[in-house]
Amino acid sequence: MNNILIVEDDNDINMLLTDLLKGEYNITNAFSGTEAMLIFSNSGEKFDLILLDLMLPGKNGEEVIEEIRKTSSVPIIVLTAKGDTQTLVSVLEIGADDYISKPFDTREVKARVKSHLRKLQTSANTDTNDILQFENIKIDLMSRDVLADNKPITLTQKEFDLLVLFINEPKRVFTKEILYTMVWGDAYYGDDNTINVHISRLRSKLKDYTQKDIIETVWGVGFRLNTKK
């Protein structure tokens, strides 16, 4: 059974999420950012997914994401009442995998959680001998380790999944609709921010090693792997 950490200072919302998910997952609750980091630091990497509010006492949600991303690529879904585009882009840029705006539909929360954990399980079932190589980038599909010039690169779950998708089909142009369906496991409703931010972060993390944008934009169509030397 997968383990989920719920970080939400509103007791009613925390308990609502717990009741929603506890039949299918092991739930641990935190009510502040500081408590969340104490639990996470002492967990021995046991969590498979984190549901995280942004406006928290102690460390805020953004600080929690930044701290976790120093050591872990565990999927993080942000729950936020801050619906402005800048906030949503910002949390994706610092390492969140997804976000759900408050007030939320519990069916959407459940579907997003299942989607992220399904991707995690698919990766865990990958053949241990599966190694992908593209130029100076090496990907271990079992451990989800990424090396560029033999130096480790820390990617979030979605950044990793995107990179694997592009390298597996280097000549294919992926539309945003296809990317969202294949990587996020949801129908695409025109949410450009999520895809654009993840592509941008992936490019940024690898550019020092590839000396180019590893993912190129095909204007009016989508994205593909940049195979030009």
Can you list the aspartates and glutamates whose alpha carbon is less than 18 Å from that of Lys205, not counting same-chain residues fewer than 8 positions off? Glu66, Glu67, Glu93, Asp97, Glu135, Asp140, Asp145, Asp149, Glu159, Asp161, Asp213, Glu216
Computed Kirkwood radius, in angstrom, where 1/r is averaged over Cα pairs of region 126-225: 13.9 Å
Can you count the Lys pairs in region 3-123 with C-alpha separation below 24 Å, eight or more apart or on different chains? 20
In terms of the ratio Rg/(2.2 N^0.38 Å) built on C-alpha atoms, what value belongs to region 3-123? 0.95
Count the DSSP beta bridges whose two residues both fall in the chain, then state the antiparallel fraction as a percent rounded to the nearest 5. 50 percent
Per residue of region 61-76, what does 6.51 cos²θ - 1.76 cosθ + 1.60 with θ = phi - 60° give for ³J(HN,Hα)? Whole Hz please, x for Gly and Pro, Karplus curve as stated. x, 4, 5, 5, 4, 4, 5, 5, 5, 5, 10, 8, 10, 3, x, 10
Karplus (6.51, -1.76, 1.60) ³J(HN,Hα), θ = phi - 60°, over region 162-169, in Hz, Gly and Pro reported as x: 5, 4, 4, 4, 5, 5, 5, 10
Calculated [θ] (222 nm, deg cm²/dmol) that DSSP helices of n ≥ 4 give over the chain, each run adding -39,500 (n - 2.57): -12500 deg cm²/dmol
Place the peptides 223-229, 83-89 in order of packing, highest mean first, counting for every residue the other Cβ atoms within 10 Å and averaging per peptide. 223-229, 83-89
At 20 °C in a medium of viscosity 1.002 mPa s, the chain has a Stokes-Einstein diffusion coefficient, with Rh taken as the Kirkwood radius over alpha carbon pairs, in µm² per second, of 118 µm²/s
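Every number here is computed from the coordinates shown, using simple stated rules; none is lab data. Keep in mind the model is a prediction, meaning the values are calculated, not measured. So basically every Cβ, Gly included, is an ideal-geometry build from the backbone, and we count neighbours across all protein chains shown.
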